[in-house]
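Report on the following structure.
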Amino acid sequence: MLLLVEKLTKLYSKLENHRQQSEADVLSAALRAFRSDVSNALNLKPGSEISSFLWIQQCYELLSLINTAFAKLVVDIDYPVNRWEVTSLHQYLNYSFHLLELLKSVSSSLSHLTHARLSFALALTLLQNSPSLAIKHLKAIQPQGSSKDYRGQQDREDGDKYSNFSSFPGRKSYASLNLVDSCISDVIVEKGEILREVKELNNAAASLASAIVSGKSSHAAKDLETRLGVFGKQQEALEKQVHYLFSKVFAARKELLLSVRQCRKEP
């Protein structure tokens with residue numbers, strides 16, 4: 001997201017110095033369209049229900065919408081990647097690399113949740129014949145290692161990029177991107193928040209463990225089984241979304257590298 005803001009700042013600077021009014025009008029129209037797309041996306045930004053599957057899905061939808069809008073802008077202003085400056089190439093490659101690393105981290109966390117979910121499911125199968133063993137498989141899901149290293153790297157690279165577009169039209173909309181970034185980082189990275197659905201699953205598992213000890217586990221077992229089913233579907237939907245975004249970013253990065261190599265081969 002920060003890359004998009006910085007790139008637009010440079011494009012607007014070029015627009016102001018453009019000699020051909022007709023071409024300047026085209027650039028201006030493209031920038032207005034992009035601002036509109038970003039503003040519309042920001043209107044769909046995650047709401048107040050922080051740290052839930054729905055909240056995370058909305059974050060990814062927002063990121064996908066903005067990246068799509070940027071790709072459209074590049075086409076509208078006739079600025080293909082083979083004409084990008086070296087600095088812009090490095091920025092995009094760096095941006096896409098860190099985004100891919102973050103998506104890998106999310107995939108790893110989802111795998112961690114899968115293992116925990118299977119452990120709860122195993123506890124349900126052991127309930128009748130080995131209740132004591134079932135209890136051992138009802139341990140609360142613990143957060144996996146956070147992405148603090150990623151956040152630290154991004155902080156060092158981002159610096160004061162948002163201060164670079166103080167004179168840029170629509171700067172309030174783009175500043176909102178920083179707010180979304182900060183919100184995600186504060187909740188997921190800094191505070192280590194646990195998903196609401198994970199908390200509910202942990203509570204259901206703890207209730208079942210207590211019910212097993214008291215000898216009245218049928219109701220608690222049914223509740224955990226139901227929650228596991230819903231949780232599994234929500235997790236699967238998020239996994240598909242992460243995989244889709246990873247594929248899109250990876251493909252764009254690959255296309256850029258191929259284009260650069262092709263340009264170097266040309267005389």
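The values are calculated or read from the model by the stated rules, or taken from the named source; none is laboratory data. The structure presented is a predicted model; accordingly, all values stated were derived computationally and were not measured. Note: ideal-geometry Cβ built from the backbone for every residue, glycine included; neighbour counts use all protein chains shown.
Assorted remarks:
- Residue check for ALA123: assigned to a helix (DSSP H, G or I) and either closer than 30 Å to ALA211 by Cα or of a type in the set (Phe, Trp, Tyr) (or both): yes
- From the list LEU179, LEU133, the lone residue that is under 24 Å from the mean Cα position of the chain (by Cα), loosely packed, with under 14 Cβ neighbours inside 10 Å and either at pLDDT 90 or above or under 30 Å from LEU63 (Cα atoms) (or both) is LEU179.
- LEU99 being closer than 30 Å to ALA29 by Cβ, surrounded by 18 or more Cβ atoms within 10 Å (Cβ to Cβ) and out of contact with any strand residue (DSSP E or B) (no Cβ under 7 Å at 6 or more places or on another chain): yes
- Among (1) in a loop (DSSP other than H, G, I, E, B); (2) buried (at least 18 other Cβ atoms within 10 Å of the Cβ), the one test that LEU73 misses: (1)
- Screening LEU133, LEU122, LEU102 for residues that are aliphatic (A, V, I, L, M) and in contact with a Leu (Cβ under 7 Å, 6 or more places away or on another chain) leaves exactly one candidate, LEU133.
- Filter result (exposed (fewer than 12 other Cβ atoms within 10 Å of the Cβ) and either more than 26 Å from HIS90 (Cβ to Cβ) or in contact with a strand residue (DSSP E or B) (Cβ under 8 Å, 6 or more places away or on another chain) (or both)) within the range 238-267: LYS240
- Filtering LEU93, LEU100, LEU122, LEU118 for residues that are at pLDDT 85 or above and over 27 Å from TYR244 (Cβ atoms) leaves a single hit, LEU122.
- Scan the range 203-219 for residues that are more than 34 Å from the chain's Cα centre (by Cα), polar (S, T, N, Q) and either closer than 16 Å to ALA140 by Cβ or in a loop (DSSP other than H, G, I, E, B) (or both) and the total you get is 2.
- Answer from LYS222, LYS233, LYS172 - the residue that is charged (D, E, K, R), in a helix (DSSP H, G or I), over 16 Å from ARG117 (Cβ atoms) and modelled with pLDDT of 90 or more: LYS222
- Conditions (1) modelled with pLDDT under 95; (2) among the small types (Gly, Ala, Ser); (3) surrounded by 13 or more Cβ atoms within 10 Å (Cβ to Cβ); (4) more than 14 Å from the chain's Cα centre (by Cα): number failed by GLY152: (3)
- Pair list, Cβ < 6 Å and 6+ apart or interchain, from the range 96-117 residues that are without any contact (Cβ under 8 Å) to a residue 60 or more places away in the chain to residues that are of a type outside the set (A, V, I, L, M, F, W, C): LEU102/TYR150; SER105/SER147; SER109/GLN144; HIS112/GLN144
- Qualifying residue in the range 56-73 (condition: at pLDDT below 70 and either under 30 Å from VAL198 (Cα atoms) or β-branched (Val, Ile, Thr) (or both)): no
- Taking first residues from the range 198-217 that are surrounded by 15 or more Cβ atoms within 10 Å (Cβ to Cβ) and partners that are of a type in the set (D, E, K, R) and assigned to a helix (DSSP H, G or I), the Cβ contacts under 6 Å between residues at least 6 apart in sequence or on separate chains come to LEU201/ARG227; ALA204/ASP223; ALA204/ARG227.
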